[in-house]
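So the structure is just underneath, and the comments pick up after that.
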Amino acid sequence: MSGWDDLARECAAWGETGRMATWWWRDDDAVEPTPALDALLGVARGPIALAVIPAGLQAGLAPHLKSKPGVAVLQHGYAHRNQAPAGGRKSEFPDERDLGAIRNDLGDGFRMLSGAFGDQFLPVLTPPWNRIGGRAVAILQSIGFIGLTRYLPRSAPQVHGVNQVNTHVDVIDWRGNRGFLGESTCLAHLVGHFRARRRGEVDPDEPTGILSHHLVHDPATWRFLEKLRDFLENQAATRLLDPAAAFGSSVSSGSFE
């Protein structure tokens with residue numbers, strides 16, 4: 001049986017419960033308009049969260065996205081620069097870093113994106129490499145963040161007063177050739193999280209998150225994402241969430257007609 005058959009069976013199982021298998025889409029590392037970004041928005045064809053690096057932001061991105069009402073802008077760290085001690089796992093906001101410096105970077109990035117994107121900015125932090133120390137998490141709400149998104153199933157819906165909604169299917173093989181992870185592996189991750197939610201093995205209310213990185217997609221990655229979008233759109237028991245809805249926010253990122 002193919003992974004697509006497994007996914008169809010899992011979606012049908014959700015339908016039998018009378019519940020919806022919700023999902024959302026996050027894409028990282030945006031700083032400027034590029035052909036790859038336009039390809040992403042064309043493939044997404046619906047609500048998507050775009051994690052923007054504040055320190056790398058180019059002037060053309062905000063006006064380019066203003067005509068894309070389905071896009072919610074998240075904050076992708078500050079400079080996407082590793083600040084971990086030598087030998088440590090990469091992180092821009094590790095516990096070892098000075099907390100005042102962390103607050104300054106996060107606050108500066110928040111103001112930059114809020115000023116550039118206005119209501120299109122959804123105040124959710126996407127820490128680079130999906131890692132952030134607990135001391136930094138504890139100050140997010142005081143800066144103005146309403147959400148935090150990392151990778152793998154969440155341990156709790158809220159951490160230090162901010163809503164946590166993670167991603168669960170990264171389509172890039174970061175530990176290998178940095179190309180497409182592969183159709184069978186991606187589908188196994190997707191089916192696995194859907195199934196674990198349905199069975200109550202992980203938080204059933206956390207929408208399943210697709211994670212992409214438009215700047216490094218190869219043709220196989222684009223083909224898979226387009227096929228996956230079409231497949232999920234045709235399942236009666238799945239629903240793509242607007243990022244603002246995923247984070248339970250009253251902040252609207254617009255919607256597609």
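Every number in this text was worked out from the coordinates using simple rules, so none of it is lab data. No experiment lies behind these values; they were computed from the predicted model shown. We place every Cβ from the backbone using ideal geometry, glycine too, and count neighbours over all the protein chains shown.
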Q: Just tell me which aspartates and glutamates come within less than 18 Å, Cα to Cα, of LYS68; anything on the same chain fewer than 8 places away is out.
A: ASP27, ASP28, ASP29, GLU32, ASP38, ASP119, ASP242, GLU257
Q) In percent, how large is the relative contact order of the chain, given Cα pairs closer than 8 Å and 6 or more residues apart? A) 27 percent
(Q) So, R0 is 41 Å and r is the distance between the beta-carbons of ARG223 and ARG135; what FRET efficiency does that work out to, to 0.05? (A) 0.45
Q) Quick one: length gained pulling ARG239 to ARG19 fully straight, 0.36 nm per residue minus the C-alpha distance? A) 78.2 nm
Q) Of the chymotrypsin sites (Phe, Trp or Tyr not before Pro) in the stretch 147-192, which ones lie in a loop per DSSP and count no more than 15 other C-beta atoms within 10 Å? A) TRP174
Q: Enumerate the whole-percent occupancy of each 5 Å bin, from 0 to the last occupied one, for all C-alpha pair distances of the chain.
A: 1, 6, 14, 18, 20, 18, 13, 7, 3, 1, 0
(Q) What are the membrane-span-like helices in the chain by this rule: whole DSSP H runs, Cα extent along the axis at least 15 Å, mean Kyte-Doolittle hydropathy at least -1.0? (A) 3-17, 99-117, 183-199, 219-233
**Q.** Relative contact order of the stretch 1-117, defined on C-alpha pairs under 8 angstrom at six or more residues apart (%)
**A.** 20 percent
